[in-house]
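Values quoted throughout were computed directly from the atomic coordinates according to the rules given, and no laboratory measurement underlies them. Because the structure is predicted, anything quoted here is derived from the model rather than measured. Cβ coordinates were reconstructed from backbone atoms using ideal geometry, including for glycine residues, and neighbour counts include every protein chain displayed.
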Amino acid sequence: MTETLSLQEQGDMAKRFIEGLVEQLGLEASITAQPLNDETVQVAVDGEELGILVGQGGSTLSAIQELTRTVVQRKAGGHTDRILVDVAGYRARRAEALARFTTKVVEEVISAGSEKALEAMSPADRKVVHDTVNELGGASTRSEGIEPRRYVVISPIAAPSSDDVDDPDEVDDPDEPNALDDSNVADEETDEEADENSDEDSDEDSAG
């Protein structure tokens, strides 16, 4: 029976794999593995000219992260905790750009009174959208579609009508759809920016 590896051991294993990958690509970078919580460890790659590890829209970073998880899973005998890979602080920059974009979309949705369906996104990006809309208020979100073409729909929340509603607790929040051009987000990123972990769809298919 395979011994369960601790979160730190999984992180160290992931770190060694990334170190080997970086060396094979002839890049120079410092690599660290740090637990973020009881179930998540992040391997951070920092250095200059690491855009090759990110790729357009974070596609390369996502692939590296998935490959890293697969390697650790095989060596760990199956189960692993959540392993994230970040390059040059891409995730934070991506989240900030996406949050700004989402804020603009929410304003448009509320003003127009009609929903918008955004372009397909990774689970990590969808979570940013859900969280941002929740914080802003006045709109709701839901996820539709099947991976890898799963996307978020942002809908305005209709105000209760005194003619139709007697009890505010019985008011339904109607959903309605809109479309995101990922280039709007990409414009706010650098060539070294990119994306995240397709395992955790923390949006869990909808957020209020």
Find how much the distance from Thr32 to Asp12 grows on full extension, using 0.36 nm per residue of separation minus their present alpha carbon separation; answer in nm with one decimal. 6.4 nm
Packing-ranked peptide list from 68-75, 117-124, highest mean Cβ count within 10 angstrom first, is 117-124, 68-75
Relative contact order for the range 7-88: what percent, with Cα pairs under 8 Å and sequence separation of 6 or more? 35 percent
The set of residues whose placed amide H lies less than 5 Å from the amide H of Ala88, leaving out same-chain residues fewer than 5 positions away, is Val45, Asp46, Gly47
Post the alpha-carbon centroid distance, the range 28-53 to the range 82-105, in whole angstrom. 15 Å
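Between Leu25 and Glu96, how high is the FRET efficiency from 1/(1 + (r/R0)^6) when r is the Cβ-Cβ distance and R₀ = 25 Å? Nearest 0.05.
Once the sixth-power term is evaluated, E becomes 0.35.
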Mean projected area (nm²) from the convex hull of Cα positions in the range 7-88 is 4.9 nm²
